[in-house]
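To keep things clear, I will list the structure first and then write my remarks on it.
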Amino acid sequence: MFSQLKIIMKLWKASIIQSMEYRGSFIFSIFANFFDFIFGLLQYLVFFTAAKSIAGWSSDNMLALYSVFMFIYSLQFIFLYPNIAVLGEMVNTGGLDLLLTKPLDARLFVLLRKISLEELGSLSTSIVLFIWLISKGVFVITFQSVLLFIISIFSALIIVYSIYITLTALAIMLEKMEDASEFIWSLFSFCRYPTDIYPAKMKFLFFTFFPIAYISTVPAQTISGLGSTEPVIYGFIISILSLLISSAIWKKTIRSYTSAGS
Amino acid sequence: MLHLKAHAAILKAYLKIMLTYRGMMILHLFRVVLMPLVIAAAWLSIEKADGNPYENSDYLLYYLLVPLVMNLTNSRSVFRFPVSVRDGTLSRELIKPYPPLMNIVIESFTNNLQMLLYLVPFTLISVFLFQSHFDFSFLSYKMVPISILAIFFGALTRLLISGSIALTGFWLEDVTTLNLLLNGSIWALLGGMIIPVATFPEKIRQIAELLPYRYMLSFPIEIFSGRLTTLAIYKGFAVMFFWIIIFSFTARFIWKRGIKIYSAYGG
């Protein structure tokens, strides 16, 4: 495990060096992402000139949701997204075969080979926004709420990771799914607003079979003192379940993979 | 000078290519309609602030039309051009007997055109399903041709802005971030994607009406919904023409500078 981690670190280093080759463009990207975050923030502020609350969420609660959402979103963008973006090509050109022959855990290498630091601008700004909301007294800070919040963020990350594994497996299985990244984009579109805005049936779906409620809504609810303990516990159980299911799908896919490229 | 025959042939070829990947189109449709529907769900669950002129039916009609207008004014030329500079395919375009960028423009146009195959039925079915929720009293058939005209010029404005950004690809390795900044985030905020421009606070609305972004999305829908006075429509078209002229010159200027430093490699 330790040696695998070492190799991943080396790959990340190579990935960073590669992006540093165009230093101007790299710095500009971080800068632009920072502004993209600010525009996202302005959207919420303007939104609340026409609305008093969204499905019971005040503007402060929505800012909490935005900071949690951007935190998870930028983390997946840094670590996972660059890999799925090139997956279709890898399957079609046979690059995946080369990776599978290496004496390493293929799942880790398919999913974590590349890293993109461009979203660092959004990641750091989301943390700054979060700290600002703490200082403003928006959050309920007790031992229990912080612990539940950490668990809910952990569950959110596991769910996102599991979705990536499933999508990767699907992309390999179907051999032509260059738009797996489109799906990720759509998934996060749902997470930009609290799940309370959706009709009851959809809401049920988001808490069970398509568990995106645990990505941004539940953590934001927990730290804002809007929710109860149950969703956090369910979220944790569902995250573990999704990890197990996605691992099973992955294993089955790799076992039946017959190579598509040349 | 117009090379109509050549352009028609290219258009036909692109349509055929795109129709080969019909499955992808459905996925793309899903992506185009998803965000407006999520935002519509958010607006339908709000507690309205005082002075907000939009009713639930207005939000519903607005966001059902957003995918259609958004797609018709969309310009996908931004990412294609810098690639053609880098891999040298631009050299091939330069020796063809029609304007070199026409290929990219037609490809983007074809893309928008073929999405209509899905978006028009989607919009019609949605309007039919939700018809009891709408307030049709403002709608007037006279506004339809004016809305179409506004969509056409809105598309031209977006094409010229995206084109100007794309042309910086002569110098920049990657224009994605510049596009995200000048075309993506501001457009989403001030174009009427997240918040309909008519519901902005007075001062922000005035700024939005002077910038080009509103004309790529919100303006045609506002005309169609019958919520604009004749004077406001004239004013809107005037502002739009101003930006079209500005960005025509900008794009031309960048092209002339860029083509001088372009040294062909690859192909």
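Would you check which residues across the range A:9-54 are within 8 Å of chain B (Cβ to nearest Cβ), closer than 22 Å to A:L80 by Cα and among the hydroxyl-bearing types (S, T, Y) and list them?
Result: A:Y22, A:S25, A:S29.
Would you check if there is a residue in the range A:173-193 being closer than 30 Å to B:S45 by Cβ, in contact with a helix residue (DSSP H, G or I) (Cβ under 9 Å, 6 or more places away or on another chain), aliphatic (A, V, I, L, M) and in a loop (DSSP other than H, G, I, E, B)?
no
Among the numbered conditions (1) away from every other protein chain (no Cβ under 14 Å); (2) in a loop (DSSP other than H, G, I, E, B), tell me where B:I195 comes up short.
Among (1) away from every other protein chain (no Cβ under 14 Å); (2) in a loop (DSSP other than H, G, I, E, B), B:I195 violates only (1).
Taking the condition of being of a type in the set (S, T, N, Q) and surrounded by 20 or more Cβ atoms within 10 Å (Cβ to Cβ), how many residues in the range A:117-155 meet it?
The first filter runs over the range A:117-155 and keeps only residues of a type in the set (S, T, N, Q), leaving A:122, A:124-126, A:135, A:142, A:144-145, A:152, A:155.
Now restrict to residues that are surrounded by 20 or more Cβ atoms within 10 Å (Cβ to Cβ): A:122, A:125-126, A:152, A:155.
Counting residues in the range A:117-155 that are of a type in the set (S, T, N, Q) and surrounded by 20 or more Cβ atoms within 10 Å (Cβ to Cβ) gives 5.
For the range A:141-158, state whether one or more residues are closer than 24 Å to A:S15 by Cα, of a type outside the set (F, W, Y) and away from chain B (no Cβ under 14 Å). Working first, answer last.
Restricting attention to the range A:141-158, the residues satisfying the condition of being closer than 24 Å to A:S15 by Cα are A:157-158.
Those still in the list that are of a type outside the set (F, W, Y) too: A:157-158.
Applying the additional criterion that residues be away from chain B (no Cβ under 14 Å) yields A:157-158.
Within the range A:141-158 (the criterion being closer than 24 Å to A:S15 by Cα, of a type outside the set (F, W, Y) and away from chain B (no Cβ under 14 Å)), the answer is yes, since at least one residue qualifies.
Evaluate the range A:86-106: report whether one residue or more is under 25 Å from B:I186 (Cβ atoms) and within 14 Å of chain B (Cβ to nearest Cβ).
Taking the range A:86-106 and keeping what is under 25 Å from B:I186 (Cβ atoms), we get none.
Within the range A:86-106, none of the residues are under 25 Å from B:I186 (Cβ atoms) and within 14 Å of chain B (Cβ to nearest Cβ).
Could you please let me know if A:V160 is touching a residue at least 24 places away in the same chain (Cβ under 8 Å) and assigned to a loop (DSSP other than H, G, I, E, B)? Break it down stepwise before answering.
Working: touching a residue at least 24 places away in the same chain (Cβ under 8 Å): yes; assigned to a loop (DSSP other than H, G, I, E, B): no.
For A:V160, the condition - touching a residue at least 24 places away in the same chain (Cβ under 8 Å) and assigned to a loop (DSSP other than H, G, I, E, B) - is not met.
Show the residue pairs that are 6+ apart or on different chains and have beta-carbon atoms under 7 Å apart, the first residue being within the range B:215-243 and over 13 Å from B:I146 (Cα atoms), the second being of a type in the set (D, E, K, R).
So the pair list comes out as B:M216/B:R158; B:V239/B:E209.
What number goes with the only condition from (1) surrounded by fewer than 21 Cβ atoms within 10 Å (Cβ to Cβ); (2) of a type in the set (S, T, N, Q); (3) under 18 Å from the mean Cα position of the chain (by Cα); (4) away from chain A (no Cβ under 14 Å) that B:T176 does not pass?
Going through (1) surrounded by fewer than 21 Cβ atoms within 10 Å (Cβ to Cβ); (2) of a type in the set (S, T, N, Q); (3) under 18 Å from the mean Cα position of the chain (by Cα); (4) away from chain A (no Cβ under 14 Å) one by one, B:T176 breaks only (4).
Please give the number of the condition B:S147 fails out of (1) part of a helix (DSSP H, G or I); (2) modelled with pLDDT under 90; (3) hydroxyl-bearing (S, T, Y); (4) farther than 30 Å from B:W171 by Cβ.
Every listed condition holds for B:S147 apart from (2).
Among the residues of the range B:74-96, are any within 17 Å of B:F219 (Cβ to Cβ), away from chain A (no Cβ under 14 Å) and not β-branched (V, I, T)? First the steps, then the outcome.
Keep residues of the range B:74-96 that are within 17 Å of B:F219 (Cβ to Cβ), which gives B:74-75.
Okay, now just the ones that are also away from chain A (no Cβ under 14 Å), so B:74-75.
Next cut, not β-branched (V, I, T) only: B:74-75.
Checking the range B:74-96: at least one residue is within 17 Å of B:F219 (Cβ to Cβ), away from chain A (no Cβ under 14 Å) and not β-branched (V, I, T).
From the list A:S67, A:S53, pick out the single residue that is at pLDDT 80 or above, of a type in the set (S, T, N, Q) and either loosely packed, with under 15 Cβ neighbours inside 10 Å or not in a helix (DSSP H, G or I) (or both).
Working: A:S67 fails: either loosely packed, with under 15 Cβ neighbours inside 10 Å or not in a helix (DSSP H, G or I) (or both).
The match here is A:S53.
In this structure, is B:I106 of a type in the set (V, I, T), farther than 30 Å from A:E118 by Cα and in contact with a His (Cβ under 7 Å, 6 or more places away or on another chain)? Don't jump to the end; show me each part of the working.
Working: of a type in the set (V, I, T): yes; farther than 30 Å from A:E118 by Cα: yes; in contact with a His (Cβ under 7 Å, 6 or more places away or on another chain): yes.
Taking the combined requirement at face value, the residue satisfies it.
Residues that are surrounded by 19 or more Cβ atoms within 10 Å (Cβ to Cβ) and out of contact with any Asp or Glu (no Cβ under 8 Å at 6 or more places or on another chain): find the helices (runs of 4 or more DSSP H) completely inside the range B:10-101 holding 3 or more of those. If you could, list the steps in order and put the result at the bottom.
Details: elements: B:22-44, B:56-72, B:77-86, B:89-94.
Hits in the range B:10-101: B:22-44, B:56-72, B:77-86.
Scan the range B:195-214 for residues that are of a type in the set (A, V, I, L, M) and either under 19 Å from B:V144 (Cβ atoms) or in contact (Cβ under 8 Å) with a residue 60 or more places away in the chain (or both) and jot them down. Explain how you work it out, then say what you get.
Of the range B:195-214, the ones of a type in the set (A, V, I, L, M) are B:195, B:197-198, B:204, B:207-208, B:210-211.
Scanning the range B:195-214 gives a single hit, B:A198.
Would you confirm whether any residue within the range A:60-82 is more than 20 Å from the chain's Cα centre (by Cα) and away from every other protein chain (no Cβ under 14 Å)?
Scanning the range A:60-82, I find at least one residue that is more than 20 Å from the chain's Cα centre (by Cα) and away from every other protein chain (no Cβ under 14 Å), so the answer is yes.
Could you list all residues from the range A:232-248 that are surrounded by 17 or more Cβ atoms within 10 Å (Cβ to Cβ) and touching a residue at least 60 places away in the same chain (Cβ under 8 Å)? Quick ask: steps written out before the conclusion?
Within the range A:232-248, the subset surrounded by 17 or more Cβ atoms within 10 Å (Cβ to Cβ) is A:232, A:234-236, A:238-239, A:242, A:246.
Passing the criteria: A:V232, A:G235, A:F236, A:I238, A:S239, A:S242, A:S246.
Assess whether B:F241 counts as being part of a helix (DSSP H, G or I) and surrounded by fewer than 17 Cβ atoms within 10 Å (Cβ to Cβ). Working first, answer last.
On the way: part of a helix (DSSP H, G or I): yes; surrounded by fewer than 17 Cβ atoms within 10 Å (Cβ to Cβ): yes.
Against the criterion (part of a helix (DSSP H, G or I) and surrounded by fewer than 17 Cβ atoms within 10 Å (Cβ to Cβ)), B:F241 qualifies.
The values are calculated or read from the model by the stated rules, or taken from the named source; none is laboratory data. Remember, predicted model here, so these are calculated numbers, not experimental data. Backbone-built Cβ (ideal geometry, glycine too); neighbour counts: all protein chains shown.
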